[in-house]
1. Could you give me the residue pairs with C-beta distances under 6 Å whose first residue belongs to segment A:1-27 and is part of a strand (DSSP E or B), whose second residue is open to solvent by less than 40 Å² (accessible area, probe 1.4 Å) and of a type in the set (S, T, N, Q) wherever it lies, and which are 6+ apart or on separate chains?
2. Which condition breaks for B:Gly177 when tested against (1) at pLDDT 95 or above; (2) small (Gly, Ala, Ser); (3) within 28 Å of B:Thr89 (Cα to Cα)?
3. Write out, first by first residue and then by second, each pair whose Cβ atoms fall under 8 Å of each other, whose residues are 6+ apart or on separate chains, and whose first residue, in segment B:177-188, is basic (Lys, Arg) while the second is open to solvent by 60 Å² or more (accessible area, probe 1.4 Å) and part of a strand (DSSP E or B).
4. Of all the residues that make up segment B:193-221, how many are outside any helix (DSSP H, G or I), within 13 Å of chain A (Cβ to nearest Cβ) and out of contact with any Cys (no Cβ under 9 Å at 6 or more places or on another chain)?
5. Could you give me the residue pairs with C-beta distances under 6 Å whose first residue belongs to segment B:55-72 and is outside the structural domain of B:Thr97 (by TED's automatic domain parsing) and part of a strand (DSSP E or B), whose second residue is among the charged types (D, E, K, R) and surrounded by 18 or more Cβ atoms within 10 Å (Cβ to Cβ) wherever it lies, and which are 6+ apart or on separate chains?
6. Which of the strands (runs of 3 or more DSSP E) found entirely inside segment A:87-193 contain at least 3 residues meeting this: open to solvent by 30 Å² or more (accessible area, probe 1.4 Å)?
7. Taking B:Asp148 as the residue in question, decide whether it is open to solvent by 30 Å² or more (accessible area, probe 1.4 Å), at pLDDT 95 or above, at the interface with chain A (Cβ under 10 Å from one of its Cβ atoms) and more than 16 Å from ligand 1 (Cβ to nearest atom).
8. Could you please find all residues in segment A:1-34 being more than 21 Å from B:Ala139 (Cβ to Cβ) and either within 12 Å of ligand 1 (Cβ to nearest atom) or surrounded by fewer than 24 Cβ atoms within 10 Å (Cβ to Cβ) (or both)?
Amino acid sequence: MNFLVFVKQVPDTETKIQIAGDGKSIVEDGVNFIVSPYDEIAIEEALLQKEALGGEITVATMGPNRGEAALRTALAMGCDKAVHLEDDAFEGADSYATAKALAAVVKKLNPDLIFLGKQGVGTDNTQVGQMVAEMAGLGHIGMCVKLEIDGDKIRGEREIEGGRETIEVSLPAVVVAQKGLNEPRYPALRGIMQAKRKPIEKLTVADLGLSADEVGAAGSKTEFARLEMPPAREAGKKLEVEPEVAAKEIVAFLKNEAKAL
Amino acid sequence: MILVFAEQRDGVLKKASKEAVSEGKRLSSKLAVPVAAVLMGKGADQAVDEVKKFGPDKVFVTEGASLDQYSADGFAEATANIAKEQNATVILFPATTMGVDVAPRVAAQLEAGLVSDITGLEVANGKLVATKPVYSGKAVATVNFKSDIQMVTLRSNVFPLEENPSDPEVLKVDASGISPKGVAVSTELKEGGKVELAEAAIVISGGRGMKGPENFPLIEEVATLLGGAVGASRAAVDAGWIDHSYQVGQTGKVVSPTVYIACGISGAIQHIAGMGSSKFIIAINKDEDAPIFSVSSLGIVGDLFKVVPALTEELKKLG
Ligand SMILES: Cc1cc2nc3c(=O)[nH]c(=O)nc-3n(C[C@@H](O)[C@H](O)[C@H](O)COP(=O)(O)OP(=O)(O)OC[C@H]3O[C@@H](n4cnc5c(N)ncnc54)[C@H](O)[C@@H]3O)c2cc1C
Ligand SMILES: Cc1cc2nc3c(=O)[nH]c(=O)nc-3n(C[C@H](O)[C@H](O)[C@H](O)COP(=O)(O)OP(=O)(O)OC[C@H]3O[C@@H](n4cnc5c(N)ncnc54)[C@H](O)[C@@H]3O)c2cc1C
């Protein structure tokens, strides 16, 4: 079985965010970039399935040069080879333009099973997996928390409000990983050493058979007009009083200010 | 036309769908174009009366067994077909697990821009302008559309629900030509009757300060008395005290209730990412320097094991 995993490199969630001079992006200096947490789950699931069924895992990312670190992490976890979509033309992509490029990778590599994370932490669009599936003409399982491969079919449970739903789809297919699917492993030292020798293939827009106006900012359907600091939440009163008094204060607040009672 | 995907399950219209139709109605007057609701899946017929309360000019109901069971690609194809036929320029979805699963496929089919989980929507020069929190709520992005068709998913509990009854034309749409790829073969709903976390007007969450699973009934009782839902921090989930489906935050659910009550939760940035857009935040924490207090409208410095039971008593007095 051939697996393809898409990973995005994102700022560590602990990072202090500073808005850049253009008012639309963040200052990258000093930012620690990591593999998006949901994408670690996607990688782990590919590893588990490969361990059970055999095959090969390709990991792919679209992004600037620093993205290579994310690929090395995935290789160190156990992926076999990597593809790096690196081209100035990919820059400034929204979800649509991102999916356009990733769907072209799917067409080129023809994998049996494709994994993505539920969301790229930070921008949190929660779109790219489903868009890739649509553009590649494949079925998908969204927000997958349990996966079973059964011959040429897969069955997955997904979280819905107040319960779970089981989706069945024929291969090839796309699985969008949600927390709970597995516990991602840490790369072992041996894996880190081996990762250094694993191949990373660079692909440009032309290599994917796309034109520059289909990807990046030019191919995007939305654009960030502004990025701003949120209005600071004003801390209200802080009370250190007897529990009974505190309880009365909470009820009064719920009634009078929140009008929730 | 403005199209609103109004999620229903077994004839029950989601609260988030009502909010989306309400917002569709408001946009309809701002943009001076009609608004239509789209219902699909088993029970769609039974949801028509409910959706009429929120003022659509038309209601589309799909017909055909192929869409009885949920299918993201099937539902997307049906929605996109209606959008094309009606020349829809705006499509709204609730940011439910269904809306979030279907909308990107519709956007891909229609080559439309899509902004997810938005908390604000304005009209400028006839185009939509959406706002959404990014980077764990550390920044807010204002997003413009470059495409002719503009799509958004609306965060629950943010856009006001507004009854505005209408007498719309109800149109059946034949969906028998659609053959879905990924199909729901079973659905398992637990804890019937409980208020859904993402839709609750009041959420009371417990963190590591709860000390163990045996103490969660303390906040469950308050939730029941308030008609709200229980949530949790990742520390409580990782400790195995409560299921992940209750987790609020960066890697859990994003909630936006009228009131969020945090009990024994320190207020890490990844937790705030999931509840920072709540209208009011009340925190109960024994550490007066806990970061949660800096975002709280009301802070109680104290032992939750004393304050929460006292709160329960006080609420019971209200009857
Ligand atoms: C200068 C600049 C301008 C931008 N302008 C916009 C804008 O106008 N509108 C906008 O929406 N966003 C914009 N972005 C953010 C944009 O790059 C997002 O990263 C992109 O939209 C994908 O969003 P996401 O990760 O939230 O997607 P999600 O849909 O949350 O991602 C789901 C999954 O898709 C996969 N995935 C996503 N991106 C990649 C990738 N690059 N490589 C491999 N796999 C991936 C991962 O598996 C991920 O878990 C801009 C960024 C920059 C730097
Ligand atoms: C990538 C990533 C994603 C994450 N995603 C999430 C997420 O989705 N959701 C999330 O919540 N966290 C998330 N976290 C974890 C987050 O950083 C914190 O570790 C977590 O939120 C802490 O949970 P807590 O506040 O319950 O525990 P703690 O930080 O340990 O706080 C416990 C609090 O309880 C108080 N307390 C103790 N006893 C009492 C008492 N008797 N009465 C009153 N107060 C008491 C203490 O004073 C303390 O403030 C994520 C972290 C990372 C790195």
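1. If the second residue must be open to solvent by less than 40 Å² (accessible area, probe 1.4 Å) and of a type in the set (S, T, N, Q), the pairs left are A:Leu4/A:Thr58; A:Val10/A:Ser36.
2. (1)
3. Listed pairs, sorted by first residue: B:Lys181/A:Ser170.
4. 8
5. Hits for this filter: zero, empty list.
6. The strands (runs of 3 or more DSSP E) meeting that bar are A:139-150, A:153-160, A:163-170.
7. On the way: open to solvent by 30 Å² or more (accessible area, probe 1.4 Å): yes; at pLDDT 95 or above: yes; at the interface with chain A (Cβ under 10 Å from one of its Cβ atoms): yes; more than 16 Å from ligand 1 (Cβ to nearest atom): yes.
Taking the combined requirement at face value, the residue satisfies it.
8. Let us first name the residues in segment A:1-34 that are more than 21 Å from B:Ala139 (Cβ to Cβ), namely A:1-7.
If the condition is that a residue be more than 21 Å from B:Ala139 (Cβ to Cβ) and either within 12 Å of ligand 1 (Cβ to nearest atom) or surrounded by fewer than 24 Cβ atoms within 10 Å (Cβ to Cβ) (or both), then A:Met1, A:Asn2, A:Leu4, A:Val5, A:Phe6, A:Val7 are the ones that fit.
The values are calculated or read from the model by the stated rules, or taken from the named source; none is laboratory data. Please read these numbers as outputs of a predicted model, since none were measured by experiment. Because the Cβ atoms are built from the backbone with ideal geometry, glycine has one as well, and the counts that use them run over all protein chains shown. For the accessible areas, the whole protein counts, side chains as well, though only heavy atoms, and no ligand, DNA or RNA atoms are used. Shrake-Rupley method; radii C 1.70, N 1.55, O 1.52, S 1.80 Å.
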